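Okay, so here's the structure we're looking at.
The values are calculated or read from the model by the stated rules, or taken from the named source; none is laboratory data. In this text, all values refer to a predicted model and were calculated from it rather than measured experimentally. Reconstructed Cβ throughout: ideal geometry from the backbone, glycine too, with neighbour counts over all protein chains shown. The accessibility values were calculated without ligands, DNA or RNA, using every heavy atom of the protein model including side chains. Shrake-Rupley method; radii C 1.70, N 1.55, O 1.52, S 1.80 Å.
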Amino acid sequence: MNIVVLPYLLVIICSLTSTFLAYLIVKERNLVVAILLLLGQGIFHSLLYYLLMAPDLFITYIPVSVGITPLLLFLLIKKTEWREYD
Amino acid sequence: MIKRDVLVAFSLSLLVLSISLIIWLEGYIRIATPIISSLGESYLYYSYNPWYSNYTSFSLNVVSAIIWDYRGFDTFLETTVLMASIIAIYTLLRGFEEKVFLQPKGLSTITKTATKIVIPLIIAYALAIATHGQLTPGGGFQGGATLAVISSLIIAVYSLEFLYYMGYRSKRLVVIRGLCLIGLIIVAITPLLIGFILNTKSYIFQNMSKEDSFISMPSFLFDAPLAGSIFFYNVFELLIVFTGLTTALMLLSLRDVELKKAFEVREVYE
Amino acid sequence: MSELNLVFYGIGLGLIAIGSFFEVVGAIGVLKLPSFFLRLHALTVSCIGGSILPLLGVAILAIGLEEMGSQRLFITAICLISVFIILILAPSGSHSLARAAYNSNTAPKQPLEYDALSRGVNKD
Amino acid sequence: MLSSVLLIITSIYVVTALMYIIRLVKGPTIPDRVLALDALSFDLAVFLALLSIILENPILVSGVIPLVLWIHAIDIFVSKYLEAREMGE
């Protein structure tokens, strides 16, 4: 395997994994598990930006997809769901 | 998780692979080729070029040169977008009050100590990302989002009350955010004001001197490239993003006792 | 290539190789062990052995790579800072996760021999 | 010699990332999935540093620290979600 082939191969792996996880997010019933799968999809998606040589977009996409979106979703689920269990 | 779902997802990803292979074999997609289009070449050529000082913006990072110099007005309107969502949260939760003495619990002592050690490191790194936005990848938004880790960690590990002890109130943060937006506008119209006083031609969002106007922002601090207004824009953007995200987090994690009045207001409206 | 650079090469590549061994061990452990509290051991193996050692190795290897120019010290600095951050944050994160899983009874505690927390010892 | 050794090690890291993905999808409880995400992101942090040496582009490495910090924040938030009655207390 040549060193030139490596980024192409990694792009294929990352896009396959993020598509795979995106389908599972849609099918999942438990909301917390869906958020965690979304997080994994976000990590692989941002790795795609890294491999396309855009570190600026990588640093922008990491907080948005890995950090803030799951955080706000966790806060919202906690606000709505625990009343039902009480 | 059913096994059938996993199989369907895997076949779906294989479908995507085959479609992308077809497009790739047609020759539409290239990853990081050394061949650059003429438009990209002109950006690379002019973003840091001391010999053509009428066209350059003295920024080693081409992306921040494009974001804050070539399309500065666009980016300025983008920064005001987050304000709209914060106003939406305020209108939903109107009538809340921030109470201080509720006996916070927080997480265990080990986590508290680890957070205490790491917080100065995060502050230093976020400031480095923002103020070196013209040299290395990064900029105002990235620095502010990295700084927002601190407020989210404090809310979870200590409690919301710790932010109140430190003097953070959501209304104060919104006021700081508005002041920083005004600061962005002031930096943008400074060349215009100087041109008005000196009675020469000048432009709004002007960074370096142009062919027909000699006014320019400071391009070097001692021997480090400062890239004129890009540095000031990055610092203001850092504060804007940090205060905006912290306000959203604080408002969404309000305790039930503090929201009692808001619920009463909603019942009156209903 | 000078002799000092060869030393940096050797130390860096050796640390990275040892780290990859720990990473494989940790991954097999995360996949194969039967319950959550046992998988946590595998997580610590892959955190400390599999992340910190290779990052140190990359930091040392980048000093020796003279053909990448003076910007290679950027890699060294970032790797050393992230080693420090992982060294502090990864144990505290796994500790809080384990404590939450124990207190809220979300994970089964089945292969259990001695439970000190249930007898009120060291509740905090 | 250097590039071939780094190639082998990078492929090892990719394979372990896929193993963590299996645990993330399969994991019976919520803490299991968080654990898999944790290990996955620390794995990818090393992977990014290696890749910036392989591609000979030192600027690319700067995304490691935000990744590590945010994953720790997610850890803390999930444990707070499981343990406490409210997020802000």
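Looking at (1) within 14 Å of chain C (Cβ to nearest Cβ); (2) surrounded by fewer than 12 Cβ atoms within 10 Å (Cβ to Cβ); (3) in a loop (DSSP other than H, G, I, E, B); (4) among the aliphatic types (A, V, I, L, M), find the lone condition where residue B:100 falls short.
(1)
Do the conditions hold for residue B:70, that is, is it open to solvent by 100 Å² or more (accessible area, probe 1.4 Å) and either within 31 Å of the chain's Cα centre (by Cα) or at the interface with chain A (Cβ under 10 Å from one of its Cβ atoms) (or both)?
no
Here are some conditions: (1) assigned to a helix (DSSP H, G or I); (2) among the hydroxyl-bearing types (Ser, Thr, Tyr); (3) under 28 Å from residue D:61 (Cα atoms). Residue B:164 meets all but one. Which one does it not meet?
The one condition residue B:164 does not meet is (3).
Which of (1) in a helix (DSSP H, G or I); (2) more than 9 Å from chain C (Cβ to nearest Cβ); (3) open to solvent by less than 10 Å² (accessible area, probe 1.4 Å) does residue D:36 not meet, given it meets every other one?
(2)
Please go through segment D:1-23 and pick out each residue that is over 18 Å from residue C:29 (Cβ atoms), of a type in the set (A, V, I, L, M) and assigned to a helix (DSSP H, G or I). Quick ask: steps written out before the conclusion?
Looking only at segment D:1-23, we keep the residues that are over 18 Å from residue C:29 (Cβ atoms), and these are D:1-11, D:14.
Next, from what is left, pick out any that are of a type in the set (A, V, I, L, M): D:1-2, D:5-9, D:14.
Those that are over 18 Å from residue C:29 (Cβ atoms), of a type in the set (A, V, I, L, M) and assigned to a helix (DSSP H, G or I): D:2, D:5, D:6, D:7, D:8, D:9, D:14.
Name the pairs whose Cβ atoms lie under 8 Å apart, with the first residue in segment A:8-25 and more than 8 Å from chain B (Cβ to nearest Cβ) and farther than 13 Å from residue D:17 by Cβ, the second open to solvent by 30 Å² or more (accessible area, probe 1.4 Å) and among the aromatic types (Phe, Trp, Tyr), and 6 or more positions between them or separate chains?
From segment A:8-25, no pairs qualify.
Could you please find all residues in segment B:218-270 being in contact with a Leu (Cβ under 7 Å, 6 or more places away or on another chain) and loosely packed, with under 14 Cβ neighbours inside 10 Å?
Hits for segment B:218-270 are B:218, B:220, B:257.
Quick one: which of D:71, D:30 is within 16 Å of residue A:38 (Cα to Cα), within 9 Å of chain C (Cβ to nearest Cβ), touching a Phe, Trp or Tyr at 6+ places or on another chain (Cβ under 8 Å) and not acidic (Asp, Glu)?
Residue meeting the stated conditions: D:71.
Within segment D:71-81, is there a residue that is assigned to a loop (DSSP other than H, G, I, E, B), among the charged types (D, E, K, R) and more than 26 Å from residue A:23 (Cβ to Cβ)?
Narrowing segment D:71-81 to residues assigned to a loop (DSSP other than H, G, I, E, B): none.
No, that holds for no residue.
Which of the numbered conditions does residue C:47 fail, given that it passes all the others? Conditions: (1) at pLDDT 90 or above; (2) at the interface with chain D (Cβ under 8 Å from one of its Cβ atoms).
(1)
Answer yes if at least one residue in segment D:42-65 is more than 18 Å from residue C:55 (Cβ to Cβ), assigned to a helix (DSSP H, G or I) and in contact with an Asp or Glu (Cβ under 9 Å, 6 or more places away or on another chain), and no otherwise.
Of segment D:42-65, the ones more than 18 Å from residue C:55 (Cβ to Cβ) are D:56.
Okay, now just the ones that are also assigned to a helix (DSSP H, G or I), so none.
Within segment D:42-65, none of the residues are more than 18 Å from residue C:55 (Cβ to Cβ), assigned to a helix (DSSP H, G or I) and in contact with an Asp or Glu (Cβ under 9 Å, 6 or more places away or on another chain).
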